[in-house]
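The values are calculated or read from the model by the stated rules, or taken from the named source; none is laboratory data. Nothing here was measured: the structure is a model prediction, and the numbers come from that model. Heads up, the Cβs are rebuilt from the backbone with ideal geometry, glycines too, and the neighbour counts pull from every protein chain shown. Keep in mind that these areas ignore ligands, DNA and RNA; they rest on the heavy atoms of the full protein, side chains included. Shrake-Rupley method; radii C 1.70, N 1.55, O 1.52, S 1.80 Å.
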Amino acid sequence: MLKIDKETFKKDYEEKFIEIHGKDLSEGTDYNKYEALASLTRDYVVKTWINTNKRYDITREKQVYYFSMEFLLGRLLDNALSNLGIRDICKEALNDLNINLDALEILEEDQGLGNGGLGRLAACFLDSMASLNIPGHGCGIRYKYGFFEQKIIDGSQVEAPDEWLKNGNVWAIKKSDKAQIVKFGGKVDMFSENGKIKFNHTKYEPVLAVPYDIPIIGYKNEVVNTLRLWSAEPLYDEFDFSSFSRGDHLKAIEYKNSIEAISQVLYPDDSFYEGKMLRLKQQYFFVSAGIQSIIRHFRTHVGSLKDLDERIAIHINDTHPTLAIPELMRIFMDEENFSWDEAWRMTTNIISYTNHTILAEALEKWPVEMFKSLLPRIYMIVEEINRRFCEELWNKYIGQWDKISKMAIISDGYVKMAHLAIVGSHSVNGVAKLHTEILKKQEMADLYYFYPKKFNNKTNGITHRRWLMRANPQLTDLLKETIGDSFIKHPTDMEAFEAYAGNRIVQERLQNIKFSNKKKLAEYLKFNQGISINPNSLFDVQVKRIHAYKRQVLNCLRIMELYRRLIENPNLDIIPRTFIFAGKAAPGYYLAKNTIELINAVANKINNDSRVNEKIKVVFVPNYRVSVAEAIIPAADLSEQISTTTKEASGTSNMKFMMNGAITIATLDGANIEIRDEVGDENIVIFGMTKKEVLDYYHKGGYSAWDMVNRDYRIKQVTEDIVNGFYCSDKEKFKSIYEHLITYNDEFFVLKDFDSYLKAQKRVDSLYRDSSKWQSMCAINIAHSGVFSSDRTIQEYATGIWGSGYLYKNL
Ligand code: 26Q
């Protein structure tokens, strides 16, 4: 923990301000003040950062590298100050200087280099690894533009570039001396040298990969790990300047642009896989740069790579970094002269892989021709991995050609990345119990039966330091007052809070805390969107990426049904509710964008109907991101986790809501099942089809959306309201939703679950009426949320997969 007193801090801050702005503090804007504070905080971190790296080189502990195309960090200032243990001193010091720390913190742009769950998980994992004293580092891409900024114009999503770097960024340090060269295209020739086959790669396009290092600060423990993000730059040394001097400067610019494009944009996930060459380029770019830099480091600090598999572990976040497997093979064989067998043993020992999806249509596969021309040497290696794998399959499954071709890495003209990841790693994990079961028994069944020992489950988690302590300081204080502060280091100690579930004073405190968070959110929405909501109403929240399987449409339809009932009977006795939605749709995903339009149309109609406004309101909060989640989640009463059973691998917002004392309404999908197991049936509201019912429909058919419409007049009414002009004079506007639900016999069974969902919402209504009961349920949810801390998840990865972190275990 950094030891610093208030006066020293003040002095340092004023000096820093002058140093970077060349003017007095009194002349500074708020943003100037933020910059000086962030810059000073980074200075404080640097020494510990250097020490941590030195320590790692001396102790030679196993280093974990978490490779991910996405890291959704959000804001870093508060996190840095809190983890350094100087936030209180800093706040007081700034107060003396008439500066409000909270007001500066919100000026920081979110670092939004991720789509959603997978990217945020990577960020939570980095926080947990550093806080648990595990030498674990991130490796990814420094996208110039983060995930797009979502604007809602006339009720529709409009995308704008996320220019998160426009005002600079103090956290990252550019390390030009650690740049690596990554080679694309060209040709590979084989030749023999001293009886060994060698490969010569020529005529390739070189790209300079330049690292930017971001400190990942452990919680008050003197550990600063590194997130290394790579940026692509042209390599003019190797550029043919003769064409430039002939006046062909356009060619030079074209070259520069084509290189810079590699780290320009983050691809949106629409869950329908499309093989884009630039995306493959991005993948090899950061994987090759990352692995080269790891190996270079070990060459300089350790010397031999002989037992590298005992010194490092590389984890791949979904299949996106799978090229790490052939890239390691390439370096071991072509550069280090290892035999195939030795290279393969090391590679599979080093690599482990997490699968995050069960949507078959989202699995990555690359056309062989594209792969071969972009990565000729890597393709040769993949081909050989595939050849050897198929040979094993032939020996085991004699004559079963169909099975073998289904399991192969290369088949039907494609390279299948999940297969490569499974074959080339020693561990394959799913992210919740149900998800892992489905992977084993359905999606990857053949590969599971071939490698049963590789498969394991690691249920996701979230960092309680950001999602509880930062996002909800009042609740954190209540926990400290009642059960002490051991839960900070040992989150499962929160269980002790269950003893207070029936305590009236604690219940009242919980209610007041929630009310104060709701008031804050209401003010935020008033300020940003000019909309008034009632903090005394039940805040019913669904925030996540917009996708058909997540079923925002189901949520919307039941609001439409309730609205119809209220018009008919304005005296209907219901608990007033505010329905809050937020989330981005992939720009090319028409149905998801149409869903946003429907929600906004429903909001527009309902919010302008004075007959019902005392009872219901609908809000769509634009541009959902980490900082918005931090404002919304602590203010939620009800957490909507309503995906079609079997489709949500885990979900992680479900855990964030639970930790902040919201009650969950959920299908038995992903980690919802484990939340139910923790809190018991009486403290969660479950509805919807079972896994068996869903799988039976998929395997045997038999679902008829029309039957649902014909059997239930409420369904008939709300589906007609989508297209009869009730919400929009243009009757065609929401046609795609209507057709998806009915004409195309919706594969996500929205209408099938409608009745059960409505009944569940009715249960929520009656539970909420008994405030004491409701608060005790909230308390039980909070008390059992500790196992969903990513600290637990990371300990499981460290001991079960990486074989790392023994320092922590010996503490
Ligand atoms: C792939 C190819 C081309 C373009 C984009 C992509 C791409 C990008 C991001 C594919 C998938 C993603 C992200 C997936 C994701 O966030 N999955 C979620 O992961 C969470 C963490 O494990 C789970 O909790 C969620 O259930 C899962 O949906």
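In bins 10 Å wide, starting from 0, what share of all Cα pairs of the stretch 605-652 does each bin hold, as a percent?
The distribution over the stretch 605-652 is 18, 34, 36, 11, 0, given as percents.
Want the number for SER156 to ALA252: 0.36 nm per residue separation, take away the alpha-carbon distance, what's left?
Fully extending the segment from SER156 to ALA252 adds 30.6 nm.
For a Förster distance of 56 Å, can you work out the FRET efficiency between the beta-carbons of ILE20 and ILE398, rounded to the nearest 0.05?
Taking R0 as 56 Å, the efficiency between ILE20 and ILE398 is 0.20.
Tally Lys and Arg at +1 and Asp and Glu at -1 over the other residues with C-beta under 10 Å from the C-beta of LYS178: what net charge comes out?
In short, +2.
When the accessible area of the chain is split by element with a 1.4 Å probe, what percent falls to carbon and sulfur?
50
Would you mind computing, in nm to one decimal, how far apart the modelled labels at SER176 and ASN745 are, each placed 7 Å from Cα along Cα→Cβ?
The modelled label-to-label distance comes out at 6.3 nm.
When N is the residue count of the stretch 417-505, what does its C-alpha Rg come to as a fraction of 2.2 N^0.38 Å?
Normalised by 2.2 N^0.38 Å, the Cα Rg of the stretch 417-505 equals 1.63.
For the stretch 92-219, report the % of Cα-Cα distances exceeding 25 Å.
Considering the stretch 92-219, 54 percent of its Cα-Cα pairs are separated by more than 25 Å.
In this model, which of LYS178/LYS372; LYS276/LYS647; LYS54/LYS175; LYS433/LYS489 are farther than 20 Å apart at the alpha-carbon? Walk me through the intermediate numbers first.
On the way: LYS178/LYS372 28 Å; LYS276/LYS647 25 Å; LYS54/LYS175 17 Å; LYS433/LYS489 25 Å.
Table pairs above 20 Å Cα-Cα are LYS178/LYS372; LYS276/LYS647; LYS433/LYS489.
Per residue, how large is the accessible surface of the stretch 215-358? Use a 1.4 angstrom probe and give square angstrom.
38
Placing +1 on the Cβ of each Lys and Arg and -1 on the Cβ of each Asp and Glu in the chain, which of GLY399, ALA324, ASN460 has its Cα farthest towards the positive end of the resulting dipole?
It is GLY399.
Two decimals is fine: what is log10 I(q)/I(0) at q = 0.15, 0.18, 0.29, 0.30 Å⁻¹ for the stretch 244-299, from a Debye sum with one equal scatterer on every Cα and no solvent?
-0.66, -0.79, -1.10, -1.13
Rg over Rh of the stretch 257-414, using C-alpha atoms and the Kirkwood radius, what does it come to?
Here Rg/Rh amounts to 0.97.
At q = 0.29 Å⁻¹, what log₁₀ I(q)/I(0) does a Debye calculation on the Cα points of the stretch 757-800 give, no solvent, two decimals?
For the requested q values the scattering log ratios are -0.94.
Dividing the convex hull volume of the alpha carbon atoms of the chain by its residue count, what do you get in Å³ per residue? Present the calculation step by step, with values, prior to reporting the outcome.
Values: hull volume 147.6 nm³, N = 811.
Cα convex hull per residue, to the nearest whole number: 182 Å³.
Quick one: if the Förster radius is 45 Å, what FRET efficiency do GLU614 and GLU27 give, using the C-beta to C-beta distance and rounding to 0.05?
Working from the Cβ atoms, E equals 0.35.
What does the accessible area per residue of the stretch 442-505 come to in Å², with a 1.4 Å probe and no ligands, DNA or RNA counted?
Per residue, the stretch 442-505 has an accessible area of 45 Å².
Once you sort the root eigenvalues of the Cα gyration tensor of the stretch 229-339 as a ≥ b ≥ c, which label holds: rounded (a/c under 1.5), prolate (a/b larger than b/c) or oblate (the other case)?
Because a/c hits 1.5 or more and a/b fails to exceed b/c, the stretch 229-339 counts as oblate.
Just grab the label-to-label distance for GLU163 and GLU682, each label 7 Å out from Cα along the Cβ direction, in nm (one decimal).
5.7
With every protein chain kept in place and ligands, DNA and RNA left out, what is the accessible area per residue of the stretch 10-109? Probe 1.4 Å, answer in Å².
Details: 4260 Å² over 100 residues.
So the stretch 10-109 comes to 43 Å² accessible per residue, rounded to a whole number.
With r as the distance between the Cβ atoms of LYS526 and ASP88 and R0 = 51 Å, compute the FRET efficiency 1/(1 + (r/R0)^6) and round to 0.05.
0.95
Rounded to two decimal places and with Rh computed the Kirkwood way over Cα pairs, what is Rg over Rh for the stretch 633-747? Let's see the in-between values first.
Numbers: Rg = 17.0 Å, Rh = 16.2 Å.
Ratio of gyration radius to Kirkwood radius: 1.05.
THR202 to GLU369: extension gain in nm, 0.36 nm per residue of separation minus the Cα-Cα distance?
58.2 nm
Mind giving me the nanometre distance, one decimal, between the label points for ASP696 and HIS490, set 7 Å out from Cα along Cα→Cβ?
Taking the two extended label points, one gets 4.6 nm.
Relative contact order for the chain: what is it in percent, counting Cα pairs under 8 Å that are at least 6 residues apart?
13
Along the charge dipole of the stretch 605-726, which of ILE633, VAL709, THR667 sits closest to the positive end, that is, farthest toward it, with unit charges on the beta carbon of Lys, Arg, Asp and Glu (+1, +1, -1, -1)?
The one lying farthest along the dipole's positive direction is VAL709.
Largest first, please: the extent of the C-alpha atoms of the stretch 12-51 along each principal axis, to the nearest Å.
In descending order, the Cα extents are 36, 15, 11 Å.
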